[in-house]
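These notes are about the structure you will find just below.
The values are calculated or read from the model by the stated rules, or taken from the named source; none is laboratory data. What you are looking at is a predicted structure, and each value in this text was computed from that prediction instead of being measured. Here the Cβ positions follow ideal geometry from the backbone for every residue, glycine too, while neighbour counts run over all protein chains shown. Areas reflect the complete protein model, heavy atoms only, side chains present, ligands, DNA and RNA absent. Shrake-Rupley method; radii C 1.70, N 1.55, O 1.52, S 1.80 Å.
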Amino acid sequence: MPELPDVEEFRRVLASCAQGRRIERVEVADAGVLRGVTARRLGRELTGRTLAEPRRHGKWLLAPTAEGPVTLFHFGMTGGLHCDPADAPPTPHDRVTLTLDDGRRLRYRDQRKLRGIWFAATEADVDRLLADQGPDALALAPGELADLLAVRRRRVKAALLDQSTVAGLGNLLADEILWHARVHPARRAVDLSADERRRIDAATRDVLRRALPAGHVPTEGRWLTARRDSPA
């Protein structure tokens, strides 16, 4: 499932492929991934616009245009963003394709279609769409996550997965953070000691720091993800 490091990798794909490029054509092969916008409106609103610097909040990828409107991508369990050369054939799961002014194609590819693509005409619309999101996990200051967990009565893993607490963590990251912090996931966050919360806070920064260059949760060394499918 795409989590913060994966979406950060998609942000890099978007930046390297499309930042500063004009959208020449919008093709919607499957309108089932569009949320709150029709295929016709999406094409009308984006065609001819120039993509600006992309940004990410949690698991959301935001693609603003120089003219103002913003496209928001959420990748669910199986989504991804791909930059293909002009002559690359589509795949069966390409749902929306943006053809750029250099001929390359930016493709939103998703097998299960659990989330999708939103369109925001203004930054106020972006704020409304992301209103239920907590602070981005990568932007937390030291100690901030510890303070957030101190008042959460849910199990600590559930609190980390709650996007209104902190945005960007998924199942793999939450497990890794708690594994490295040596805290059982079933413990209630509010019952943790101050030291345990500090360990989670530090482990979150460390896990994200090492996962970001890879573009995914690492599967090697002492990482829990490397051991998930190992025989007991």
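Some points to look at:
- Modelled FRET efficiency - R0 22 Å, Ala141 with Asp206, Cβ distances, 0.05 increments: 0.90
- Per-residue ellipticity at 222 nm from helix content only, as computed over the chain with -39500 (n - 2.57) for each DSSP H run of at least four residues, stands at -9000 deg cm²/dmol.
- Size of the chain as Cα extents on the principal axes (Å, biggest first): 55, 42, 28
- Rounded to the nearest 0.05, the FRET efficiency derived from the C-beta distance between Arg25 and Ala121 at R0 = 25 Å is 0.75.
- Orientation-averaged projected area, Cα convex hull of the range 4-130 (nm²): 6.7 nm²
- In sequence order, the range 132-140 has phi-based couplings of 8, 8, x, x, 5, 4, 6, 9, 5 Hz under the Karplus curve 6.51 cos²θ - 1.76 cosθ + 1.60, θ = phi - 60°, and Gly or Pro positions carry x.
- In this view, the solvent-accessible surface of Arg49, computed with a 1.4 Å probe and all protein chains in place, comes to about 60 Å².
- Full extension of the chain between Arg153 and Leu114 yields a length gain of 11.2 nm, computed as 0.36 nm times the residue separation minus the alpha carbon distance.
- Ellipsoid fit via the Cα gyration tensor, the range 93-222: semi-axes of 32, 19, 13 Å, each the root of five times an eigenvalue, largest first.
- The chain, dipole about Cα centre (Lys/Arg Cβ +1, Asp/Glu Cβ -1), debye to the nearest 20: 520 debye
- Between the beta carbons of Thr47 and His82, assuming R0 = 25 Å, the FRET efficiency works out to 0.80 to the nearest 0.05.
- Along the chain, counting only GluC sites (Glu not before Pro) with a DSSP assignment other than H, G, I, E or B and at most 14 other Cβ atoms inside a 10 Å radius, the longest segment between sites is 68-219.
- Note, ³J(HN,Hα) from phi for the range 13-24, Karplus 6.51, -1.76, 1.60, rounded to Hz, x at Gly and Pro: 4, 4, 5, 6, 8, 10, 4, x, 9, 8, 7, 8
- Per-atom-type breakdown for the chain gives carbon and sulfur 49% of the accessible area (1.4 Å probe, protein chains only).
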